[in-house]
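Quick notes on the structure that follows.
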Amino acid sequence: MSPLIGDVMAGQPEHPDAKRSPTRGRRERSMHDKQLRIFEAAAALFTERGFDAVGTLEIAERADVAAGTVFRYASSKAELLLMVYNRELRDAIDVGVRAAVAHADPVESVNALVQAVLASSARNPANVVAYQRELLFGPATDEHRTAGLALVGELEDAIASRLATAAQSAGVDDALVLREEQRAARTVFAALSLLLAGPSTGAHPEADPTEELRGQIAQIVRGFLATLPSTIERH
């Protein structure tokens, strides 16, 4: 496959040979341009009409490329969805990490981190449900699915880091607590995932997602802190 769209958008340098060969340089710039147009067309159409309602032919027309060209850069519409929403998740994590460090209270810190992802998903919840489905059940060999799962791991690590800071502030700085931090972080992410899936499941429609997530985070974080002394004693 050609270089990933994400790599292009991140400003990866051109291959050195491109500088020595004007023909190759033009060809690679043309490929990069098409990648970006396809990515941007998919992102715009998914936002405007929703993932399920958009076809690859529409994406090709919006990107001003031949229909078959789309499949040179993505094997399926689902792969394009992963590309687009991996970027959305990447941006939301970055926003959340910056927001989290402004709070000394561990509940508020973790809440600020995770709410950024929830807020990002609110713009088009049906697309986020489709993205979750691809992360859970997509082909194991799909590199974009692998990249998305790596972002999930990064979010969990960021949550665990905020919990580690809280544990240190409570006078507990022991490597044995790491397992408990990671478990609590996974529990927070599980709560977030269920709320993101809410529009498709219809579960608890009366609950405000923002307040519900904050309440669950408070319960998880306080439970984590309450078990720290006993965790250390058992080891």
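Do any residues in region 179-192 that are without any contact (Cβ under 8 Å) to a residue 60 or more places away in the chain have Cβ atoms under 8 Å from those of residues that are open to solvent by 70 Å² or more (accessible area, probe 1.4 Å), where the two are at least six apart or on different chains, and which pairs are they?
Pairs that qualify, where the first residue is without any contact (Cβ under 8 Å) to a residue 60 or more places away in the chain and the partner is open to solvent by 70 Å² or more (accessible area, probe 1.4 Å), are 185/157.
Here are some conditions: (1) part of a helix (DSSP H, G or I); (2) out of contact with any Gly (no Cβ under 6 Å at 6 or more places or on another chain); (3) over 17 Å from residue 110 (Cβ atoms). Residue 159 meets all but one. Which one does it not meet?
Just one mismatch for residue 159, condition (3).
Looking only at region 146-165, count how many residues are open to solvent by 40 Å² or more (accessible area, probe 1.4 Å), at pLDDT 95 or above, touching a helix residue (DSSP H, G or I) at 6+ places or on another chain (Cβ under 8 Å) and over 17 Å from residue 92 (Cβ atoms).
Here the count works out to 0.
Considering region 186-211 alone, what residues qualify as being β-branched (Val, Ile, Thr) and either within 22 Å of residue 98 (Cβ to Cβ) or surrounded by 13 or more Cβ atoms within 10 Å (Cβ to Cβ) (or both)?
187, 188, 210 - these are the residues of region 186-211 that are β-branched (Val, Ile, Thr) and either within 22 Å of residue 98 (Cβ to Cβ) or surrounded by 13 or more Cβ atoms within 10 Å (Cβ to Cβ) (or both).
Quick one: which of 179, 214, 183 is open to solvent by 70 Å² or more (accessible area, probe 1.4 Å), of a type in the set (Lys, Arg), over 30 Å from residue 83 (Cα atoms) and over 15 Å from the mean Cα position of the chain (by Cα)?
179
May I ask you to say which residue of 42, 53 is modelled with pLDDT of 50 or more, under 20 Å from the mean Cα position of the chain (by Cα) and of a type outside the set (Asp, Glu)?
Sole residue among the options that is modelled with pLDDT of 50 or more, under 20 Å from the mean Cα position of the chain (by Cα) and of a type outside the set (Asp, Glu): 42.
Only one of (1) within 21 Å of the chain's Cα centre (by Cα); (2) at pLDDT below 95; (3) acidic (Asp, Glu) is not met by residue 173, so which one is it?
Going through the list (1) within 21 Å of the chain's Cα centre (by Cα); (2) at pLDDT below 95; (3) acidic (Asp, Glu), residue 173 breaks only (1).
Given the conditions (1) at pLDDT below 85; (2) touching a Pro at 6+ places or on another chain (Cβ under 6 Å); (3) open to solvent by less than 30 Å² (accessible area, probe 1.4 Å), report the number of the one that residue 228 does not fulfil.
Only one criterion in (1) at pLDDT below 85; (2) touching a Pro at 6+ places or on another chain (Cβ under 6 Å); (3) open to solvent by less than 30 Å² (accessible area, probe 1.4 Å) is unmet by residue 228, namely (2).
For the structure I just gave you, tell me whether residue 168 is at pLDDT 90 or above, more than 19 Å from residue 121 (Cα to Cα) and in a helix (DSSP H, G or I).
no
Name the single residue that is most open to solvent (accessible area, probe 1.4 Å) among those in region 68-84 being assigned to a helix (DSSP H, G or I) and of a type in the set (Gly, Ala, Ser).
68
Checking the conditions here, which among 27, 98, 62, 87 is at pLDDT below 95 and assigned to a helix (DSSP H, G or I)?
Checking each option against the conditions leaves just 27.
Report, by residue number, each residue of region 153-168 that is farther than 18 Å from residue 214 by Cα and either touching a residue at least 24 places away in the same chain (Cβ under 8 Å) or touching an Asp or Glu at 6+ places or on another chain (Cβ under 7 Å) (or both).
154, 157, 164, 165, 167
Looking at region 30-48, is at least one residue touching a Lys or Arg at 6+ places or on another chain (Cβ under 6 Å) and surrounded by fewer than 19 Cβ atoms within 10 Å (Cβ to Cβ)?
No: region 30-48 contains no residue that is touching a Lys or Arg at 6+ places or on another chain (Cβ under 6 Å) and surrounded by fewer than 19 Cβ atoms within 10 Å (Cβ to Cβ).
On the basis of being loosely packed, with under 14 Cβ neighbours inside 10 Å and assigned to a helix (DSSP H, G or I), does residue 136 make the cut?
Judged against the criteria, residue 136 is a match.
Within region 120-133, which residues are open to solvent by 40 Å² or more (accessible area, probe 1.4 Å), touching a residue at least 60 places away in the same chain (Cβ under 8 Å) and either in a helix (DSSP H, G or I) or polar (S, T, N, Q) (or both)?
125, 126, listed by residue number.
The values are calculated or read from the model by the stated rules, or taken from the named source; none is laboratory data. Everything numeric in this text was worked out from a predicted model, so none of it was measured. In this analysis, Cβ positions are derived from the backbone assuming ideal geometry, glycine residues included, and neighbour counts consider all displayed protein chains. To get the accessible areas, we keep the full protein, side chains included, count just its heavy atoms, and leave off ligands, DNA and RNA. Shrake-Rupley method; radii C 1.70, N 1.55, O 1.52, S 1.80 Å.
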